[in-house]
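The values are calculated or read from the model by the stated rules, or taken from the named source; none is laboratory data. What you see is a predicted model, and the numbers here were worked out from it, not measured in a lab. Cβ atoms come from the backbone with ideal geometry, glycine included; neighbour counts cover every protein chain shown.
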Amino acid sequence: MLELPGQGKGVILIVDDSKMNQQILSAMLKDIAEIHCADHGEEGVMMAQALHPNVILLDVEMPGMNGYEVCRVLKQKPSFDSAIMFVTSHTSEEHEIRALKEGAVDFITKPFKYEIVKARVSAHLMLNMQNHFLRNLVNHDGLTGVFNRRHFDEMIEQEWRRHLRAQASLALAMIDVDFFKLYNDSLGHQAGDDCLKAVAKCLSKSSRRPGEIVTRYGGEEFAIILPTTTGDEALKFGQWLCEQFAQLALPHPARPDGVPIVTVSIGLSATVPSLLTQAQTLIRCADHALYQSKEMGRNCATFGLFGD
Ligand SMILES: [Mg+2]
């Protein structure tokens with residue numbers, strides 16, 4: 001079984017209208033990955049989206065949606081990154097070129113030869129798993145495990161464009177740990193790191209709607225991108241988030257205001273993007289609202305109206 005740290009074992013989806021082919025391929029590959037099967041193209045598309053397999057073995061000749069059509073539909077999904085290998089009985093150069101042009105990484109031919117199938121599929125399975133692993137490293141903050149600033153910068157622009165097209169309200173929460181420098185100075189950097197981990201965990205647990213993106217913006221500042229969220233909803237979320245932190249009751253022994261626990265200050269903003277506005281303004285407004293929360297005595301959430 002091929003495995004990488006933190007990822008578990010690889011997943012292969014076999015899409016083939018022949019039960020016999022499904023069984024033969026499953027038997028050949030069951031030792032290297034978790035195997036799932038779909039009986040036709042439409043089911044293949046559904047299962048591919050639900051399972052996010054590392055490798056899809058896609059029969060070219062199927063009634064209804066054929067393999068090439070399945071491939072085209074899947075390739076249009078923005079988050080699709082499975083490796084597609086076509087399975088075909090055609091061995092001509094023309095078919096080989098067509099398969100690669102459709103976006104397959106490789107293909108296997110029928111009748112199946114055990115050693116070849118296993119070697120080729122293993123190679124692509126491993127490559128795809130390594131890609132996932134590296135992408136995770138690139139997008140995540142090493143200390144807290146939430147997404148990093150690099151991913152935030154990418155996602156805020158992407159979500160901005162998506163909400164512009166849909167004419168939906170996009171909200172942003174900026175969250176800063178109160179008196180974090182004094183926490184670090186009094187308890188040491190290791191305790192500071194543990195505090196940031198606890199904050200990130202609390203934020204992740206509290207962000208339960210699909211599409212919410214929790215990131216470490218920098219230092220002790222975090223940001224949450226809130227898709228299809230109005231200003232009112234964002235402010236309620238911010239206030240609720242402050243309560244979640246108070247309930248965490250993480251001791252803070254060095255606050256000048258005498259509050260005995262770690263709290264956060266939150267700034268929020270929201271807008272329906274237009275062609276004349278920019279994501280950077282949303283960040284600036286949320287950040288400005290965060291500054292107001294600090295001014296107002298911390299441990300609170302403030303909404304900042306979108307605008308220059
Ligand atoms: Mg077939």
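Among the residues making up region 213-245, those that are under 19 Å from Arg150 (Cα atoms) and within 18 Å of the chain's Cα centre (by Cα) are Ile213, Val214, Thr215, Arg216, Tyr217, Phe222, Ala223, Ile224, Ile225, Leu226, Pro227. Residues in region 76-97 that are more than 16 Å from the ligand (Cβ to nearest atom) and polar (S, T, N, Q): Gln76, Ser79, Ser82, Ser92.
For region 49-75, the candidate set comprises residues that are assigned to a helix (DSSP H, G or I) and within 12 Å of Asp16 (Cβ to Cβ); within that set, the residue that is nearest to the ligand (Cβ to nearest atom) is Gly67. The residues listed here are Gln280, Gln292, Gln247; of these, the one that is in a helix (DSSP H, G or I) and either farther than 22 Å from Gly218 by Cα or not assigned by TED's automatic domain parsing to the domain that holds Asn184 (or both) is Gln247. When region 228-244 is filtered for residues that are surrounded by 17 or more Cβ atoms within 10 Å (Cβ to Cβ) and assigned to a helix (DSSP H, G or I), the ones remaining, listed by number, are Gly231, Ala234, Leu235, Phe237, Gly238, Leu241, Cys242.
I'm checking my understanding of the structure. Among residues of region 184-212 that are in contact with a Ser or Thr (Cβ under 8 Å, 6 or more places away or on another chain) and buried (at least 18 other Cβ atoms within 10 Å of the Cβ), which one is nearest to His151 (Cα to Cα)? Only one residue fits best here, namely Ala200. Screening Val105 on (1) outside the structural domain of Gln244 (by TED's automatic domain parsing); (2) within 17 Å of the chain's Cα centre (by Cα); (3) without any contact (Cβ under 8 Å) to a residue 24 or more places away in the chain shows it passes everything except condition (2).
Scan region 16-43 for residues that are out of contact with any Asp or Glu (no Cβ under 9 Å at 6 or more places or on another chain) and within 16 Å of the ligand (Cβ to nearest atom) and the total you get is 6.
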